[in-house]
Amino acid sequence: MVTHIPLTATTDPDHGGRWTSLRGGGREWLWHRRAPARDTVRPGDPFVDAGGLEECVPTIRGNPDHGDAWSRPWQRDADADVLDHPDFVLRRSLRRNPAGALSASYHLSANPGYRFLWAAHALLDVTPGAHLTAPVGTATRVFPEAAHLIDEPWPDDTPHLTGHWPAPLGLPLDRLGPDDGTAVGTILTHCADISVTDGPDTLRLTLRTDADVPLSVALWRNLHGYPTAAPYRSIGVEPMLGAVFDLAEAGQDDAATVPADGELRWELEITATRTPSPVTRAPHESDRVALPHPRHRAGAGS
């Protein structure tokens with residue numbers, strides 16, 4: 001029987017609006033690492049990875065790395081966390097529905113025509129036995145850090161190659177282990193729904209919007225392959241608006257564009273379920289087969 005697990009979230013508006021906790025059923029879903037430098041960052045500083053869930057906007061990679069929201073303080077306004085950026089205003093409100101699912105509603109205001117990427121950069125605390133589920137055959141963009149892992153040569157001046165989920169270009173990316181010293185970033189395009197299952201627990205992330213923008217899921221599968229000097233394990237499952245990591249590389253249909261009214265809204269729903277492992281019944285006295293006494297077996301002497 002599948003049980004729905006109520007989720008709770010904690011955010012840190014003072015330090016980039018980062019989600020610092022996503023809990024349910026006695027489990028913390030977000031991975032963390034100690035990063036004291038995070039407390040003193042300023043806009044323009046190199047990215048400091050503290051784990052959790054980062055709001056990456058207006059880009060993910062590129063300049064600035066991981067966007068321009070993580071290094072800025074957000075403000076609390078009633079039930080919303082608000083980032084007042086020179087180019088846009090982003091409001092985020094969290095609520096839990098009666099079934100226990102967590103919904104994050106986003107509202108971005110900017111000049112009409114403003115282009116951006118956004119990702120809920122969730123670094124998950126999952127074991128090497130965890131796996132991802134997304135629609136089979138989803139067109140999946142693979143980026144140059146995976147060039148040494150595929151059989152074909154990487155073409156010059158090519159920002160990404162496309163294969164199909166779950167093994168684009170022969171890479172079984174639905175598996176989140178074992179740790180093998182690789183680090184790969186991919187984007188499942190035209191995909192708004194993905195689940196990660198770890199033992200009996202499943203976390204499902206679903207993105208919705210009425211706007212005409214590209215919906216994707218980015219995957220950062222770092223199996224102790226990055227950074228080179230001191231690699232560690234981190235698994236990013238990142239619903240996003242857009243279809244590339246770097247806004248500077250975005251084609252016409254690869255980024256979100258603010259419409260004529262200057263407003264764009266979207267919603268991320270997160271649900272958690274638990275499926276108990278099958279219970280093995282202890283042997284019962286009635287399970288034992290009674291064997292005849294040797295004196296009564298066929299062929300036994302009198």
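Near the amide H of residue 246, within less than 5 Å, lie the amide hydrogens of 61, all on another chain or at least 5 residues away, with H placed in the peptide plane. Annotation: per residue accessible area for segment 219-284 equals 50 Å², rounded to a whole number [probe 1.4 Å, protein chains only]. Rounded, prolate or oblate: which fits segment 114-263, taking a ≥ b ≥ c as square roots of the Cα gyration tensor eigenvalues, rounded meaning a/c under 1.5, else prolate when a/b beats b/c? Oblate.
For the chain, the average shadow cast by the Cα convex hull is 24.0 nm², which is a quarter of the hull's surface. Contact order for the chain, expressed relative to its length and based on alpha carbon pairs under 8 Å spaced 6+ residues apart, stands at 19 percent. Considering only 217, 41, 237, the mean-square fluctuation computed in a Gaussian network model of the chain, springs between alpha carbons under 10 angstrom, is largest for 41. Extension gain, residue 42 to residue 158, is 38.5 nm, computed as 0.36 nm per intervening residue step minus the present C-alpha separation. Counting charges near residue 195 (Lys, Arg +1; Asp, Glu -1) among other residues having Cβ under 11 Å from its Cβ returns a value of -3. Counted by Cβ distance under 9 Å from residue 18, the other residues give a net charge of -2, where Lys and Arg count +1 and Asp and Glu count -1. Of all the options 229, 255, 243, the one that moves most in a Gaussian network model of the chain with Cα springs shorter than 10 angstrom is 229. Along segment 144-159 the Karplus relation, 6.51 cos²θ - 1.76 cosθ + 1.60 evaluated at θ = phi - 60°, assigns HN-Hα couplings of x, 5, 8, 4, 7, 9, 10, 7, 8, x, 7, x, 4, 6, 10, x Hz to successive residues, with x for each Gly and Pro.
Treating each Cα of segment 1-119 as an identical point scatterer and summing with the Debye formula, the log10 of I(q)/I(0) at q = 0.12 Å⁻¹ comes to -0.47. Here the Karplus curve 6.51 cos²θ - 1.76 cosθ + 1.60, taken at θ = phi - 60°, turns the phi angles of segment 26-37 into couplings of x, 10, 9, 8, 8, 7, 9, 9, 6, 8, x, 5 Hz, with x standing for Gly and Pro. For residue 248 and residue 180, the difference between the fully extended length at 0.36 nm per residue and the C-alpha to C-alpha distance is 21.4 nm. Seen from residue 138, the other residues with C-beta closer than 12 Å to its C-beta sum to a net charge of -1, counting Lys and Arg as +1 and Asp and Glu as -1. Here the accessible area of the chain is 52 percent carbon and sulfur, with a 1.4 angstrom probe and all protein chains present. Report the residue, chosen from 61, 33, 92, that carries the largest GNM mean-square fluctuation when the chain is represented by alpha-carbon nodes joined by springs under 10 Å. Ranking 61, 33, 92 by mean-square fluctuation puts 33 first.
The values are calculated or read from the model by the stated rules, or taken from the named source; none is laboratory data. Owing to the predicted nature of the structure, the values given are computational and were not obtained by experimental measurement. We place every Cβ from the backbone using ideal geometry, glycine too, and count neighbours over all the protein chains shown. Only protein heavy atoms, including side chains, enter the accessible area calculation; ligands, DNA and RNA are left aside. Shrake-Rupley method; radii C 1.70, N 1.55, O 1.52, S 1.80 Å.
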